[in-house]
Every structure is written in structure tokens, then in C-alpha cells.
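Bear in mind these aren't lab numbers, they're just calculated from the coordinates by the rules spelled out. Every value quoted in this text rests on a predicted model; they were computed, and no experiment measured them. Quick reminder, even Gly has a Cβ in these numbers, built from the backbone with ideal geometry, and neighbours come from all protein chains shown.
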Amino acid sequence: MSARVVVTGVLLVFVLLIVVFMVEMLIPLSVYADFNESCRIALIRMEAIGGMTTEIEEDLSNRLRALNLTDIIITGTQHAKYGEVVRLQVTVAMKNHEMVSLFQRVLQYRYVTYDKTSISRRIIK
Amino acid sequence: MSDQTKKGSVEFAVIFCALVVFIFLPLFGTLAQKALLYQKKEIVHQSANLASMAAYTSLNANQAGIGEQSLLQEEFNNVFQSVLCANLKLDQNLVGFPHSIATGKVDIISLTYVSENLPVTVGNRIFMYPFIRCEIKVPVSVDILAGWMNQDKLLLHEVIYTELPFDK
């Protein structure tokens, strides 16, 4: 009977380890979706206004910081007339304490980039 | 400890491991694959949506002046294709570059500007204003369980409806 308890205990720890590992694998996907959405909002605003403004940049930066992202680099077209290309490039680092063994976690940075292009709809009067 | 108890524990451990390997792991693999495919679908959707919005810049200004909305067809196609290529990282023949999510040739099945017989109902959506309907097929790679699924490519079929963007 005691052997079964020991075996069950070991197996439960093993299963728990796998579950934690798998769930942690999916967290970056969720953060990436939010990151993508924030950048998309900024690009649509740039498209309508005709380029990157300080306000858009600050707003995007705040949104990304709220997602716990670091090393934020934002580059965007400054001025674009109607019909010209508007481009937004954002690079961020996702900070993640990844589990490498049963009692060990290592801090890892995963860099992701958003690079999308659109056409300005700003009409210069 | 009796031999029978030991045997029972080993059997239990074997059944448990078999359950993990043959049910739990494939189940998680499938879920993870679905999540990754959903992300790719979102990227494709977003890219096509941006391309459609950009294509609205080909609205015929003269016609717009008299309240008619029509697009310059050639410019419309060119703008859509150029923005889609830039966003999905495709070459001129719509084939994905090595760092693109498209693993082959992207197929633009249809690209139409609908401005007549409005309002139009598509599924649960009702379009009161002119819109662009775009249908594309993008081949993407299968990241997990490619061996099990016996295929390394999947074809994402996307239909995107984009209404004329209004700036406030």
C-alpha cells in the first residue's frame, strides 16, 4: 500500500511539473497577442494622423510597459502625406522566469518585433 | 512489502505514464498547435485588414466629389498587393520570404469593393456603408505534431470584410 502512495506522489509531482511547464509555454502567446493589438492601435492612429507623434509613442510605450515588456524600441514614420507609406516597427523583450528543472528557474529575455506598413490617409489642407 | 503490492504499484505507474504520454501530451500538443495557428490567423487577418484600409486611398476623388464612391481598380489592386506584401513579408510573386509566416505562395482568391445594393448582410454582420471583401489563402507551417498530423503545411483560408474607415 505504501509503495502505491510513494509512486502516486512521485507521478503527481511529475504531472504537476509537466502542467506548469506547458502552461508557462502558453503565457508568451497571450502577451504577444496583447502586444500585437497595442501596436495595431498605434499604427491605425498613425495612418489617420499621418505619422508618429509624441502622444502616440508615449501611449504605445505605456501600454507595452503595462504588459511588463522591457527594452522597448519604437520607430515609426514621422510625416507622411496622403497616399504615402506609414511604417511602424516595435521591438520589445519579454521577461520570463522559465523553469529549467524541478527547483530551478532562469530569467530569460525573448525579443519580439512588430513591423507593419500601411498607407497614410491624412489629407494636408 | 508483498510481491502483489509491488506488482500493483508498477502496473499503476505504467498505466499512469501511458496516460500521460498517449493522452495528456497529444492533447496539450493539439491545444498548443491551435493556439499558434490562431496567432498566425490573427497576423494574416491584421495584414489583410491593413491592406484593405490602405486600398481605400485609391478612391476616385472626382467621383467622391459628387457623392459617388468608386475605386480606381488598377490602383486598388496595386495598393492592396503592395501593403499585403510588406506586412506578410512576401516577394513580388506573393511568395513568402524565409522569415515570413507564409511558407509558400499566397493566393488572393478575390478582392472586391462592394458599394451597391447596400445594406448587405453577411452572416451576423450588416454593412450599411461600402466595404472591401477580400478572400485569401495563406500556407503556414505546422509547428507542433507535424509528424503525427502527417503534414508540415496548412492552408489558412481567410475572408476579410473591411468597411470604409472614418476619421473622427
message = Going Cα to Cα from A:Lys81, which aspartates and glutamates come in below 12 Å? Please leave out same-chain ones fewer than 8 positions away.
response = A:Glu47
Degrees between helix B:25-55 axis and first principal axis of chain B (Cα, 0 to 90, nearest 10) = 10 degrees
request  = Calculate the tail of P(r) for region B:3-163: the fraction of all Cα-Cα distances greater than 19 Å, expressed in %.
outcome  = 65 percent
request  = May I ask for the Kirkwood hydrodynamic radius of region A:27-119, worked out over all distinct Cα pairs and given in angstroms to one decimal?
outcome  = 14.1 Å
task = Would you grab the residues whose amide H sits under 5 Å from the one on B:Thr103? Only those 5+ places off in sequence or on another chain, please, with H modelled 1.01 Å from N.
result = B:Val140, B:Ser141
query = On the first, second and third principal axes, largest extent first, how far apart are the outermost C-alpha atoms of the protein assembly as shown in Å?
reply = 95, 40, 35
ask   = For B:Leu50, what charge total do you get from the other residues with a beta carbon under 10 Å from its beta carbon, if Lys and Arg give +1 and Asp and Glu give -1?
value = +1
inquiry  = Apply the Karplus curve 6.51 cos²θ - 1.76 cosθ + 1.60, θ = phi - 60°, to the phi angles in region A:36-44 and return the couplings in whole Hz, x for Gly and Pro.
reply    = 4, 5, 4, 5, 5, 4, 4, 5, 5
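Out of the chymotrypsin sites (Phe, Trp or Tyr not before Pro) in region A:51-125, which ones are loop residues according to DSSP with at most 10 other C-beta atoms within 10 Å? Please list the in-between numbers first.
Details: sites: A:Tyr82, A:Phe103, A:Tyr109, A:Tyr111, A:Tyr114; in loops: A:Tyr82, A:Phe103.
Passing both the DSSP loop test and the Cβ count: A:Phe103.
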inquiry  = Can you work out the Karplus-derived ³J(HN,Hα) for every residue in region B:95-102? Use 6.51 cos²θ - 1.76 cosθ + 1.60 with θ = phi - 60°, whole Hz, and x for glycine or proline.
reply    = 9, x, 6, x, 8, 7, 7, 7
Phi to ³J(HN,Hα) by Karplus 6.51 cos²θ - 1.76 cosθ + 1.60 over region A:84-100, Hz, x for Gly, Pro = 8, 6, 10, 10, 10, 10, 10, 10, 9, 10, 8, 8, 9, 8, 7, 7, 9
ask   = Total Lys pairs in chain B closer than 21 Å by alpha-carbon, pairs eight or more apart in sequence or interchain only?
value = 16
